[in-house]
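The values are calculated or read from the model by the stated rules, or taken from the named source; none is laboratory data. Quantities reported herein were computed from a predicted structural model and do not represent experimental measurements. Glycine also receives a Cβ, built like all others from the backbone with ideal geometry; neighbour counts cover every protein chain displayed.
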Amino acid sequence: MSEFRSVYITCADEQEARHIARAVLEERLAACANILGKVESLYWWQGRLEQDGEAALLLKTRADLVARLMELVRSRHSYEVPCIVAWPISEGDPDYLQWLSQETESSDER
């Protein structure tokens, strides 16, 4: 199993994405956040096909932090059922992955 994860989140807008990204980073639950900006989303919600503008947020973190990260995101997200999905980072530049690991360590772990 991979030690690292990418976490994809859709947000109502870039302001919400930025707010969530800062909260996650301040808690050291991710090392990096990319706000991918406006995306067009089509999806089923309560039996209706919806179409909205959203902002995509991509976080890089350790696998052992995903559950806490998801909890924090849910507590700050405006959606009733936010899209928060994670997938393994199967390969990466060793220096980048080392940096990712170091930047997600709490002060207790350093």
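Observations, loosely collected:
- Residues in region 42-63 that are in contact with a Ser or Thr (Cβ under 6 Å, 6 or more places away or on another chain) and surrounded by fewer than 16 Cβ atoms within 10 Å (Cβ to Cβ): Asp52 alone.
- Residues in region 64-73 that are surrounded by fewer than 15 Cβ atoms within 10 Å (Cβ to Cβ) and farther than 24 Å from Gln98 by Cα: Glu71 only.
- Annotation note: of Ser75, Ser41, the sole residue that is among the hydroxyl-bearing types (Ser, Thr, Tyr), at pLDDT 95 or above and assigned to a helix (DSSP H, G or I) is Ser75.
- In the set Gly53, Gly47, only one residue is touching a residue at least 12 places away in the same chain (Cβ under 8 Å) and either over 14 Å from the mean Cα position of the chain (by Cα) or closer than 13 Å to Ile9 by Cα (or both); that residue is Gly53.
- Residue count for region 2-45 satisfying the condition of being under 20 Å from Tyr96 (Cα atoms) and β-branched (Val, Ile, Thr): 3.
- Scanning region 1-38 for residues that are over 30 Å from Pro94 (Cβ atoms) and assigned to a strand (DSSP E or B) returns Thr10, Cys11, Lys38.
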